[in-house]
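Novice: Sharing a structure with you now.
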Amino acid sequence: MASRAIDIGQANGGDRLFARIGAFLAAHRLSPDPAHYAFAYEVVANATGLIAQRVAELTDGGVRLTSQDIESLGGTTVSGAPIDSADDDATMSGDVDTQQALLERMMFQLEGFGDAMRIVHAEANDFGRDLQRSADTMRDMGAEAGIEAITQLTADMIGRVQLAEARLDTALRETDELRTALDEARGSARTDPLTDLPNRRAFDETFASLHRDTPVTVAICDIDHFKQVNDNFGHAVGDRVIRMVAQTLAAEKGMMVARYGGEEFALLFENVPLDEAAQVIERVRRTISERRPRVRETGESIGVVSFSAGVAEGRVGEGRAALMARADAALYRAKDQGRARTITSETAP
């Protein structure tokens, strides 16, 4: 345990590189096969190299690498990967895997602490027994006979204490690293990995943290005909569309934007009237609809990207579920009226 811990402590830079490689594999849905690892290492470890620059160009806007992309850059893909789909179940599975890994690491760390403390306790007991034997020798054979033994015993004990301190220092260092990892895990549990926006959990927690008398306006925005984008162009392009909408919404100040699930976003305004919030959403909707995104690999037009939105206002004390239900009802009315519009709960027929 001690030697392993010291190796880990000395390999801090390597650990960061491994973490970045792992993040690259996860971002492109690549399994941790040696071939994928070798390609990821080349990209991450040589960030200014030609391959890394080409990868940056290919993935601009959040598009994942395809098998053809990787192979065109000299890499090798293992059958079945990369996986283009990125549904919520996969994301949840990744979160569970991360949490399980951290839990296992925590248990291993606790075992390491136990081992270190048992060693220190045993050495203290050994020193006490050796000291008692030296005292018995001095009593039976005279003080001079025991001085050499005590001198040697003291030198041995100093060495043991230094070794124990080194073990404890290593355990403390590993604890700090684990604490950092847990803090990062708590953050990632509230962040959508595709868009880097807060996720549904973060949105709900933010709403719950507000005083019950706070005036709020909530909105639900849903990308129109999103299934057709996925069906016609693939999930990688669909992800890029989601990121484009997310980034445009997030560029607006004065509101919280969260990816609420799939192609749906939730917005939270504090102390902003209903009409003013609706105007902000309409401005973003028009900005997005004026763009004409294309599939980078083929140049094919994706068409007009639009979203429908439902907006409702009230106070926190009314409850998040009730407010969101009113916003959701307005959203469905917006879709019934032809999509690509913003409907408020008060103006919805």
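The values are calculated or read from the model by the stated rules, or taken from the named source; none is laboratory data. Source: prediction; values computed, not measured. Methodologically, a virtual Cβ is constructed for each residue, glycine included, from the backbone with ideal geometry; neighbour enumeration extends over all protein chains shown. Heads up: the accessible areas ignore ligands, DNA and RNA and are worked out on the full protein's heavy atoms, side chains in. Shrake-Rupley method; radii C 1.70, N 1.55, O 1.52, S 1.80 Å.
Novice: Accessible area per residue of the stretch 245-349 at 1.4 Å probe, in Å²?
Specialist: 48
Novice: Compare the peptides 230-236, 292-298 by average per-residue count of other Cβ atoms within 10 angstrom and give them in order, highest first. Don't skip to the answer; put the middle values down first.
Specialist: On the way: 230-236: 17.0, 292-298: 13.7.
Going by the mean number of other Cβ atoms within 10 Å, highest first, we get 230-236, 292-298.
Novice: Taking all protein chains in place and a 1.4 Å probe, what share, in percent, of the accessible surface of the stretch 284-349 do carbon and sulfur account for?
Specialist: 46
Novice: Rounded to the nearest 0.05, what FRET efficiency is calculated for ARG20 and ARG190 with R0 set to 30 Å and r the Cβ-Cβ distance?
Specialist: 0.90
Novice: Determine the gain in length on full extension of the stretch ARG292-THR214; use 0.36 nm per residue of separation and subtract their C-alpha separation, reporting nm with one decimal.
Specialist: 24.2 nm
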